[in-house]
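Here's the structure, in structure tokens; my notes come after.
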Amino acid sequence: MYCPKCGTQNVDNAYRCTNCGIILQRVAPEKKSNTAVIVTVIVVAGVFVFFAVVGILAAIAIPAYLDYTVKARISEVNDAFDGLVGAAVGYHAKTGQFPDADYPLDTLVEMSQTYGAFSCTERGSDNDITYRFTFNDTISNINGCTLDIQLTYAPDTGYTTQWLSTSTLPLRYMPRQ
């Protein structure tokens, strides 16, 4: 489009002449909208926020879940200790003494050794015995740790059990007294 006043060639649909500034058309061209760009920026920012929140939740939830599974497996070992203690109490009630330290535990009670092995660490007297469970590598973050329980009989109080401080299991996994 040529300007009728100065003859300068302008872009088609130009509103004003680029040389003299005279109005070439009565209707101003529409301004281009940035709506698509703004929507794209908002969507991208929303995606970043979403993944940041998911990442934070995963950083919290995954270790908590792993801790939960370790505690569940230790609970199974605790249940096996209950069976062993019950069998040792029955043995004591029948014979008047706890089994010798080298007495085969599998003859007392059937126990799963999936997560490690049971053993008798000492028999202090006829009325006191200590059992130990040593964890194997099935539960990797407690491999080699031990859990010790002492079983005692006193005529006036009966049978008592106590988790011992000689256990090397991390405190957060220790069963409650």
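The figures follow:
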{"quantity": "Candidates CYS120, CYS145, CYS20, ranked by Gaussian network fluctuation over the chain, Cα under 10 Å, top entry", "calculated": "CYS20"}
{"quantity": "Inter-probe distance in nm under a simple model that places probes 7 Å from Cα toward Cβ, at GLU110 and ALA14", "calculated": "9.8"}
{"quantity": "Simple label model, 7 Å out from Cα along Cβ direction - ILE22 to ILE60, nm", "calculated": "7.1"}
{"quantity": "Dimensionless Rg ratio for segment 73-173, taking C-alpha atoms and the 2.2 N^0.38 Å reference", "calculated": "1.05"}
{"quantity": "C-alpha long axis of helix 35-95 to longest principal axis of the chain, angle in °", "calculated": "0"}
{"quantity": "From the coordinates shown, semi-axes √(5λ) of the Cα gyration tensor in Å corresponds to which of (1) 87, 13, 11; (2) 33, 26, 14; (3) 27, 21, 14", "calculated": "(1)"}
{"quantity": "Net charge contributed by nearby residues that have their C-beta within less than 9 Å of PHE98 (K/R +1, D/E -1)", "calculated": "-2"}
{"quantity": "Residues whose placed amide H lies under 5 Å from that of ASN19, excluding near-sequence neighbours", "calculated": "none"}
{"quantity": "Helical contribution to [θ] at 222 nm, DSSP H n ≥ 4, -39,500 (n - 2.57), averaged over the chain, rounded to 500", "calculated": "-13500 deg cm²/dmol"}
{"quantity": "Trypsin sites (Lys or Arg not before Pro), loop per DSSP, at most 12 other Cβ atoms within 10 Å - longest free stretch of the chain", "calculated": "33-175"}
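Each value in this text was obtained by applying a stated rule to the coordinates, not by laboratory testing. Keep in mind that this is a model prediction, so the values were computed, not measured. Ideal geometry is used to build each Cβ from the backbone, glycine not excepted, and the neighbour counts take in all protein chains shown.
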